[in-house]
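The values are calculated or read from the model by the stated rules, or taken from the named source; none is laboratory data. Please read these numbers as outputs of a predicted model, since none were measured by experiment. Neighbour counts run over all protein chains shown; Cβ positions are idealised from the backbone, glycine included. Accessible surface is based on the protein model in full, side chains and every heavy atom, while ligands, DNA and RNA are left aside. Shrake-Rupley method; radii C 1.70, N 1.55, O 1.52, S 1.80 Å.
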Amino acid sequence: MTQPFTLPHFYMPHPARLNPHVDEARAHSTEWAREMGMLEGSGVWEQADLDAHDYGLLCAYTHPDCDGPDLSLITDWYVWVFFFDDHFLERYKRSPDRAAGKAHLDRLPLFMPLDLSAPVPSPENPVEAGLADLWARTVPRMSEGWRRRFAVATEHLLNESMWELSNINEGRIANPVEYIEMRRKVGGAPWSAGLVEYATAEVPDPVAGTRPLRVLMETFSDAVHLRNDLFSYQREVEDEGENSNGVLVLETFFGCSTQQAADTVNDILTSRLHQFEHTAFTEVPAVALEKGLRPDELAAVAAYTKGLQDWQSGGHEWHLRSSRYMNENAVRGGGPRPGCSGFGTSAADVRTLLATAGVMGAPPTPSGQWGRLRSFTHVPYQKVGPSRIPDIRMPFPLELSPYLDDARRSLRHWAERMGILAEGVWDEDKLRAYDLALCSAGLDPDATPEALDLSAQWLAWGTYGDDYYPLVYGHRRDLAAARLTTARLSDCMPLDGEEPPLPANAMERGLTDLWARTTAGMTPEARRTFKDAVDAMTESWVWELSNQLQNRIPDPVDYLEMRRATFGSDLTLSLCRRGHGPAVPPEVYRSGPVRSLENAAMDFACLLNDVFSYQKEIEFEGEIHNAILVVQSFFGCDYPTGLGIVHDLMDQRMRQFEHVAAHELPILYEDFQLTSEARAAMGAYVADLRNWLSGILHWHREVDRYKEAWLSRRAHGFLPYRPPTVPVPALR
């Protein structure tokens with residue numbers, strides 16, 4: 001069969017190595033698969049299928065340093081996960097039978113108890129039998145933290161198969177952002193990262209939940225999945241009728257040829273590998289120092305990072321050799337120079353390595369060759385003229401609170417009391433130009449006067465902090481002071497009634513006031529969630545400063561995900577959820593459809609802000625954190641082209657929001673058997689998100705903050721840093 005496109009040059013800086021126990025793993029996994037009922041008689045695989053796929057070779061390449069028994073166990077896990085995928089395809093996707101598929105998936109978590117003494121059901125099929133056996137053999141030597149992470153990753157891998165099945169049922173192809181997010185769960189690479197921990201070393205608990213370790217896992221995942229999409233396009237799209245393939249997603253989004261889409265997927269893959277390296281070399285050492293890791297914990301992080309690199313290289317070698325994939329002439333694109341041979345030499349094409357680093361040219365792709373150096377070469381303060389505002393589709397009507405004028409007056413008085421107008425960052429003219437009470441009046445038109453005041457003050461506090469960090473710390477290139485400020489802000493939000501520190505500046509004074517008024521009456525869990533949302537926002541401002549100091553335009557995927565934090569989206573969602581009561585179970589808010597709905601809304605709002613603020617940020621502030629600039633850098637395109645891509649993505653995210661609300665939430669309600677009260681609460685929450693979207697568009701159109709006439713009048717330099725002076729309490 002003719003291949004639908006030519007495989008591109010692959011960036012692969014680490015040579016693959018083969019575990020010497022490969023034959024042992026092959027023999028063991030074959031007998032194990034037969035014992036579990038996965039071969040003859042299963043209706044899914046025969047012996048020839050397992051031999052051709054050669055999962056022993058996959059695991060020997062991806063885990064080159066572990067011993068024979070560990071390699072055999074890991075190989076069994078991969079046999080199981082690929083059998084699960086093919087079994088689900090044959091039983092539930094080809095039909096398609098959503099109800100039976102859900103019933104099958106609902107039973108599988110029962111075979112992964114955190115407490116091994118807990119009873120499990122009797123397996124009814126090879127998938128259940130294999131999972132029960134593997135879980136019992138794997139988890140005894142791992143910590144409870146690892147067990148929880150791996151169980152969650154496995155459940156995501158299983159449950160998000162329903163998302164794939166739903167999209168097949170509807171004939172729907174995901175948008176690029178939705179696809180990247182869901183592919184991490186469906187594709188199973190976070191699950192693979194858990195097995196890398198098993199084979200190398202567990203990630204220490206103090207850093208397991210930090211941004212650098214999360215980014216290592218996510219960039220690893222994205223690269224694994226995008227590489228697999230390139231090799232598996234022919235089998236998945238042309239043979240199996242799959243909609244979940246990155247090449248197909250970009251074909252559809254850009255309306256381009258399959259070859260152009262494949263080249264763009266490879267550009268994104270390369271960018272994610274660059275992000276992995278950047279994080280490993282810059283952010284991981286910083287967080288290790290911050291958390292005070294012991295030498296053995298540092299060694300564990302290093303071993304885990306190396307294990308992820310080995311997986312990338314080994315997975316690539318396996319794709320070149322497995323009959324499961326399209327790999328004709330693959331070595332021509334990313335393989336060795338003439339005269340090189342042997343295991344691992346597909347990573348030895350120096351020309352490809354230099355080209356993807358931006359050092360020397362390679363044949364340009366239709367999307368523009370991504371170069372590592374390009375992201376560091378932006379010249380700030382370029383004249384770009386007024387921001388160009390496209391025709392933005394808004395399907396939801398605008399409503400404004402009748403208490404808007406009162407909220408404006410209240411916000412001014414509050415800002416004065418907190419000292420926000422006295423530090424040189426804002427004054428009354430800026431407060432009027434930003435009109436954050438207008439934003440709140442659109443976000444929550446049904447709010448009481450007190451709730452509207454609180455909402456406007458939170459928006460003002462977050463916007464002030466977002467302006468404060470670059471003005472005060474950016475010019476001085478003082479990350480240490482920014483981190484100190486961020487830590488003190490977190491201390492202003494006590495969880496258990498302890499006294500907050502005495503405020504040293506307007507930000508601390510404002511946050512202390514808002515925290516006390518907002519969290520009164522909250523449950524401990526809700527208070528923790530709310531604090532996490534604020535912490536995510538303030539910590540993301542430090543991330544922006546770090547990029548600014550390096551003059552580094554972020555990777556597109558990393559940018560969009562961090563943009564939600566820098567924009568304070570989680571904080572806004574937490575405020576939206578207030579008042580809906582306990583009727584909605586927490587697991588509903590954590591479900592895939594609700595997170596998909598929220599992320600679509602967040603991204604629309606963030607991209608909308610980037611469209612309106614382009615001139616403000618690029619020309620007047622010398623900023624690099626703008627989606628249009630990120631797209632321009634990635635594709636090597638001009639402003640109008642970058643704006644067009646961002647506008648198309650905005651529209652796709654809005655359509656996804658509408659799709660989830662109309663089609664996925666009703667199914668979710670049935671799956672969770674929600675009460676009428678809970679359904680009404682969720683309906684009110686969706687209405688709040690619709691108000692958020694229409695209100696924020698109205699606010700951007702109306703305020704002076706993004707208009708050239710006001711910007712040219714109010715542009716000014718950076719502020720000198722003054723160490724915070726903690727007031728001394730008066731003696732009584």
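Condition check ((1) in contact (Cβ under 8 Å) with a residue 24 or more places away in the chain; (2) in contact with a strand residue (DSSP E or B) (Cβ under 9 Å, 6 or more places away or on another chain); (3) among the charged types (D, E, K, R); (4) within 30 Å of ASN19 (Cα to Cα)) across all residues:
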position	(1), (2), (3), (4)
HIS225	yes, no, no, yes
GLN234	yes, no, no, yes
THR264	yes, no, no, no
LEU289	no, no, no, no
ASP310	yes, no, yes, yes
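I'm checking my understanding of the structure. Among residues of segment 566-588 that are under 17 Å from the mean Cα position of the chain (by Cα) and open to solvent by 20 Å² or more (accessible area, probe 1.4 Å), which one is modelled with the highest pLDDT?
Ranking the candidates gives PHE567 first.
Name the one entry in THR485, THR512 that is more than 27 Å from the chain's Cα centre (by Cα) and either of a type in the set (Val, Ile, Thr) or modelled with pLDDT of 95 or more (or both).
Of the residues listed, the single one that is more than 27 Å from the chain's Cα centre (by Cα) and either of a type in the set (Val, Ile, Thr) or modelled with pLDDT of 95 or more (or both) is THR512.
Within segment 27-44, restricting attention to residues that are at pLDDT 95 or above and within 35 Å of the chain's Cα centre (by Cα), which residue is nearest to PHE84 (Cα to Cα)?
MET38
What are the pairs, 6+ residues apart or on separate chains, where a residue within segment 145-174 that is open to solvent by 40 Å² or more (accessible area, probe 1.4 Å) and at pLDDT 85 or above has its Cβ under 9 Å from a residue that is in a helix (DSSP H, G or I) and basic (Lys, Arg)?
Filtered contacts from segment 145-174: no entries.
Can you go through TYR614, TYR559 and tell me which one is aromatic (Phe, Trp, Tyr) and touching a Leu at 6+ places or on another chain (Cβ under 9 Å)?
It is TYR614.
Run LEU668 past the list (1) assigned to a helix (DSSP H, G or I); (2) modelled with pLDDT under 95; (3) open to solvent by 50 Å² or more (accessible area, probe 1.4 Å) and report the number of the one that doesn't hold.
(3)
Yes/no per residue for (1) outside any loop (DSSP other than H, G, I, E, B); (2) open to solvent by 10 Å² or more (accessible area, probe 1.4 Å); (3) more than 29 Å from ALA709 (Cβ to Cβ); (4) touching a helix residue (DSSP H, G or I) at 6+ places or on another chain (Cβ under 7 Å):
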{"position": "ALA600", "(1), (2), (3), (4)": "yes, no, yes, yes"}
{"position": "ALA605", "(1), (2), (3), (4)": "yes, no, no, yes"}
{"position": "ILE618", "(1), (2), (3), (4)": "yes, no, no, yes"}
{"position": "GLU623", "(1), (2), (3), (4)": "no, yes, no, yes"}
{"position": "GLU664", "(1), (2), (3), (4)": "yes, yes, yes, yes"}
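Return only the number of the condition from (1) out of contact with any Phe, Trp or Tyr (no Cβ under 9 Å at 6 or more places or on another chain); (2) open to solvent by 10 Å² or more (accessible area, probe 1.4 Å) that GLN259 does not satisfy.
If we test GLN259 against (1) out of contact with any Phe, Trp or Tyr (no Cβ under 9 Å at 6 or more places or on another chain); (2) open to solvent by 10 Å² or more (accessible area, probe 1.4 Å), just (1) comes out false.
At least 3 residues that are open to solvent by 10 Å² or more (accessible area, probe 1.4 Å) in each: list the helices (runs of 4 or more DSSP H) lying fully within segment 51-131 that qualify.
Once the helices (runs of 4 or more DSSP H) in segment 51-131 are filtered for at least 3 residues that are open to solvent by 10 Å² or more (accessible area, probe 1.4 Å), what remains is 68-88, 98-107.
Which of the numbered conditions does ALA487 fail, given that it passes all the others? Conditions: (1) more than 30 Å from HIS278 (Cβ to Cβ); (2) open to solvent by 40 Å² or more (accessible area, probe 1.4 Å).
The single condition ALA487 does not satisfy is (1).
Here is a list: VAL384, VAL472. Which entry is open to solvent by less than 80 Å² (accessible area, probe 1.4 Å), in contact with a Phe, Trp or Tyr (Cβ under 8 Å, 6 or more places away or on another chain), of a type in the set (A, V, I, L, M) and in a loop (DSSP other than H, G, I, E, B)?
Among VAL384, VAL472, only VAL384 is open to solvent by less than 80 Å² (accessible area, probe 1.4 Å), in contact with a Phe, Trp or Tyr (Cβ under 8 Å, 6 or more places away or on another chain), of a type in the set (A, V, I, L, M) and in a loop (DSSP other than H, G, I, E, B).
Among the numbered conditions (1) under 28 Å from THR264 (Cα atoms); (2) in a helix (DSSP H, G or I); (3) open to solvent by 20 Å² or more (accessible area, probe 1.4 Å); (4) in contact (Cβ under 8 Å) with a residue 12 or more places away in the chain, tell me where THR641 comes up short.
Tallying (1) under 28 Å from THR264 (Cα atoms); (2) in a helix (DSSP H, G or I); (3) open to solvent by 20 Å² or more (accessible area, probe 1.4 Å); (4) in contact (Cβ under 8 Å) with a residue 12 or more places away in the chain, THR641 fails exactly one: (4).
Of everything in segment 413-464, what is charged (D, E, K, R) and either over 33 Å from the mean Cα position of the chain (by Cα) or open to solvent by less than 40 Å² (accessible area, probe 1.4 Å) (or both)? Give them in sequence order.
Correct list: GLU416, ARG417, GLU423, ASP427, GLU428, ASP429, LYS430, ARG432, ASP435, GLU450, ASP453.
So LEU289 fits all but one of (1) of a type outside the set (Asp, Glu); (2) open to solvent by 20 Å² or more (accessible area, probe 1.4 Å); (3) at pLDDT 95 or above; what number is the exception?
Evaluating LEU289 over (1) of a type outside the set (Asp, Glu); (2) open to solvent by 20 Å² or more (accessible area, probe 1.4 Å); (3) at pLDDT 95 or above leaves (3) as the failure.
If I go through segment 1-47 residue by residue, how many of them are of a type in the set (S, T, N, Q), assigned to a helix (DSSP H, G or I) and free of Cβ contacts under 8 Å to residues at least 40 places away in the same chain?
Within segment 1-47, residues that are of a type in the set (S, T, N, Q), assigned to a helix (DSSP H, G or I) and free of Cβ contacts under 8 Å to residues at least 40 places away in the same chain number 2.
Hey, does segment 348-360 have a residue that's part of a loop (DSSP other than H, G, I, E, B), modelled with pLDDT of 50 or more, closer than 30 Å to GLY56 by Cβ and open to solvent by 30 Å² or more (accessible area, probe 1.4 Å)?
no
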